[in-house]
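To start, the structure under review is shown below, and the notes come after it.
No value in this document is a laboratory result; all are computed from the given coordinates. Since the structure is predicted, the reported quantities are computational estimates derived from the model, not experimental observations. Positions of Cβ are generated from backbone atoms using ideal geometry, with glycine treated the same way; all protein chains shown enter the neighbour counts.
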Amino acid sequence: MIAGYLFIGPAFLTLVIFLVLPILAAFWLVFMDYDLLSPPKAAGLRNIQDLLSDTRLLDIYKNTAIFVVAATVLNNVIAILLALGVNRAFHPVFKYILRTAYFFPVLTTTASLALIWKFLLTQDRGVVNFLLQQINLPAVPWLSSSQWAMVSVVMFDVWRACGYLMVIYLAGLQTIPDVYYEAAAIDGATRLQSMRFITLPLLTPTTFFAVVISIIGAAQVFDNAWVLTGGGPNDASRLIMLYIYEIGFSRFAMGYAAAVSMTLFALLLLVTFLQFYLSRRWVHYE
Amino acid sequence: MSDPVTPVPATPTAPPTPSSRRFRLRHTPGHYLAELVIVVFLLIMAIIEFGPISWIFATSLRAPADSFNLPPDFWPTAFHWENYLAVIQSDQINFLGFFWNSLKIASIVTIAQLITTSMAGFAFGRLRFPGRDFLFFFFLASLMVPATVTLIPNYILIVKLFGLKDSHFSLILPALTSAFGVFLMRQQFKGVPNDLMDAAKMDGAGYFRIYWQIMLPHAAPTLTALAIFTFLASWNNYLAPLLFLRSWDQFTFPLAIVLLNGYMGSGNRAHVLAAVMISLTPALIIFLVGQRFIIRGVAITGMKG
């Protein structure tokens with residue numbers, strides 16, 4: 001009987017020290033003033049009041065919302081299209097090459113890749129603008145203008161992450177039993193019809209799962225924007241994680257940083273609950 | 001248009017594989033056009049996804065003086081392999097040191113996670129002890145907490161309480177286990193046939209021998225997938241090293257590469273790209289050797305996000 005505790009011991013201890021304690025400490029920190037140097041002082045509700053008067057916070061949440069919605073929609077739509085495309089009767093070598101091309105950016109370091117895209121998107125001698133000019137389109141200030149910075153961060157995220165979701169959708173497609181397609185073929189369904197009435201409805205559990213993890217992931221994106229634009233110009237592409245980093249590690253306002261991260265936690269909980277609630281209307285379980 | 005009923009007698013001759021079923025659906029007139037559009041879309045996406053990677057490779061082989069020149073290459077036109085040597089042997093930065101730091105941390109974290117998660121997964125999946133289900137629920141619940149919440153308190157804990165600033169332990173200790181891995185391994189071990197465990201018990205094997213000699217070999221494919229993702233997650237981690245590491249000789253690869261860009265100056269893009277290329281090698285090797293495991297891994301570890 002004691003064996004059970006011994007087996008879970010290492011995992012359990014690590015989890016308690018680096019997850020449970022920090023979560024408890026986070027709630028405590030919300031009511032503290034702490035700059036890492038002098039000992040923490042009780043701050044009452046000041047950090048929470050600061051949330052309400054922080055004008056940047058609202059703009060940064062607006063940015064984050066735009067990023068989350070755009071990245072989630074684009075990532076999932078492209079991933080579904082890619083999965084539907086790859087999941088066909090292609091030659092295995094062609095399939096292998098396609099999967100490799102789509103999936104490779106997922107495996108590599110986001111920070112390094114963001115650095116590469118920073119080179120590619122430079123306004124004057126950047127590769128992307130060069131290619132645009134080859135087809136007579138104007139050069140775009142991808143990273144330096146406040147209109148385009150967020151577009152660049154979203155584009156990069158879709159480029160980097162859609163292959164990951166593609167593999168999840170591929171796995172989902174393979175769970176759809178062949179008998180449905182056979183029945184549809186017997187009834188004389190066209191490919192579009194069997195797509196519309198079999199594939200998409202039976203893929204909804206996968207879609208739901210993929211959208212939930214996309215939103216949770218996108219809301220906490222850091223590396224992308226940090227390396228690509230640094231959140232700039234001004235706050236144009238600053239996402240909430242960059243702001244928490246700034247509050248915590250350049251202003252050293254640990255209490256307020258904890259308070260802001262709690263708002264993100266609360267929002268994520270709310271959005272996820274809402275998704276589960278709404279899922280009853282559109283997710284078909286067999 | 002074929003008679004919708006005719007395919008039925010033909011079914012026994014064509015095995016119901018995913019690839020054969022496509023051809024039994026009716027082909028509408030626009031079928032070949034649609035097929036063409038799909039292939040073109042797939043190819044364009046493949047070019048967009050892979051283009052930047054081949055640009056890195058092609059440009060990393062240009063002479064440093066040419067590395068800013070347009071038009072860009074997406075296929076190597078020059079072969080200045082000495083760029084790679086220059087980065088590796090640079091006396092300004094300890095490049096191999098970064099590589100070693102990342103390799104060391106990722107290896108330790110991977111081995112530790114394989115051990116801790118499979119042990120806990122075994123206990124939760126195959127052993128009986130009081131409080132087991134409650135403790136397992138506790139592991140599951142911890143999966144729901146986003147990393148954002150623990151970011152600040154973890155920093156204070158590690159730097160202030162443990163005094164681990166600028167130490168690799170600050171990256172290793174919090175990553176010794178993962179609730180997700182525990183969940184994954186529990187599901188895996190629950191699927192191992194009871195007979196195997198009973199037979200081992202009859203032979204007088206203790207729990208540790210059952211875990212080590214029966215359970216682990218059974219879980220090898222899942223362990224491989226978990227290892228690949230744990231290793232790459234650690235190798236690619238950027239935020240934690242950015243928070244905890246301060247001195248150049250402690251830096252991990254991603255951190256060093258981003259700083260390298262500023263440090264090496266703007267005239268040396270070919271060198272920075274050579275460094276990036278080297279940083280991609282573990283992923284490249286793992287991908288070429290184990291694509292099967294990776295695809296399987298994403299399918300089963302999809303939750304990892």
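Highest mobility in the GNM of chain B, judged by mean-square fluctuation with C-alpha springs under 10 Å and restricted to B:Ile152, B:Ile210, B:Ile108, is found for B:Ile152.
Computed about its Cα centre, the charge dipole of the protein assembly as shown is approximately 800 debye, with only Lys, Arg, Asp and Glu carrying charge at their Cβ. Here the Gaussian network model covers chain B, with springs between Cα atoms less than 10 Å apart; of B:Ala219, B:Ala283, B:Ala147, B:Ala147 fluctuates the most. Span-like helix criteria (full DSSP H runs; alpha carbon extent of at least 18 Å along the helix axis; mean Kyte-Doolittle hydropathy of at least -0.5) are satisfied in chain A by A:2-15, A:55-86, A:92-107, A:146-174, A:200-219, A:254-282. With both labels modelled 7 Å from their Cα along Cα-to-Cβ, the A:Val93 to A:Asp54 distance reads 5.6 nm. Straight Cα distances below 27 angstrom link A:Lys41 to the lysines B:Lys160, B:Lys165, with same-chain residues fewer than 8 positions distant left out.
Each Cα pair under 8 Å and six or more residues apart adds its separation to the average, and for chain B the resulting relative contact order is 26 percent. Within the listed set B:Gly51, B:Gly181, B:Gly121, the Gaussian network model of chain B (springs between alpha-carbon atoms below 10 Å) gives the highest mean-square fluctuation for B:Gly51.
For the Cα trace of the stretch B:31-89, dividing Rg by the Kirkwood Rh returns an Rg/Rh value of 1.24. The modelled label-to-label distance between B:Ile285 and B:Leu43, using points 7 Å beyond Cα along the C-beta direction, is 3.5 nm. For chain A, the share of alpha carbon pairs falling in successive 5 Å distance bins from zero is 1, 5, 9, 12, 12, 13, 13, 12, 9, 7, 4, 2, 1, 0, 0, 0 percent.
Each of A:Phe265, A:Ile60, A:Ala42 was scored by the projection of its Cα onto the charge dipole of chain A, and the greatest displacement toward the positive side belongs to A:Ile60; charges sit on the C-beta of Lys, Arg, Asp and Glu.
When the helices of chain A are scored as -39500 (n - 2.57) per DSSP H run of n ≥ 4 and the total is divided over every residue, the value at 222 nm lands at -23500 deg cm²/dmol.
Ranked for footprinting exposure by Cβ neighbours inside 10 Å, fewest first, A:His284, B:His271, B:His218, B:His80 give A:His284, B:His218, B:His80, B:His271. When only Cα pairs below 8 angstrom with a gap of at least 6 residues are kept, chain A shows a relative contact order of 28 percent. Put simply, the amide H of A:Asp33, placed in the peptide plane, has neighbours under 5 Å in A:Lys41, A:Ala42, A:Ala43, leaving out anything fewer than 5 places away on its chain. Here A:Tyr96, A:Tyr5 are placed in order of increasing Cβ neighbour count within 10 Å, fewest first, which gives A:Tyr96, A:Tyr5. Inter-chain Cβ neighbour count for A:17-30, averaged per residue, equals 6 (cutoff 10 Å, partner chain atoms only). When each of B:Trp81, A:Trp159, A:Trp226 is scored by the number of other beta-carbon atoms lying within 10 Å, the sequence from fewest to most is B:Trp81, A:Trp159, A:Trp226. In summary, the lysines within cross-link reach of B:Lys190, defined as a Cα separation below 20 angstrom excluding same-chain residues under 8 places away, comprise B:Lys201.
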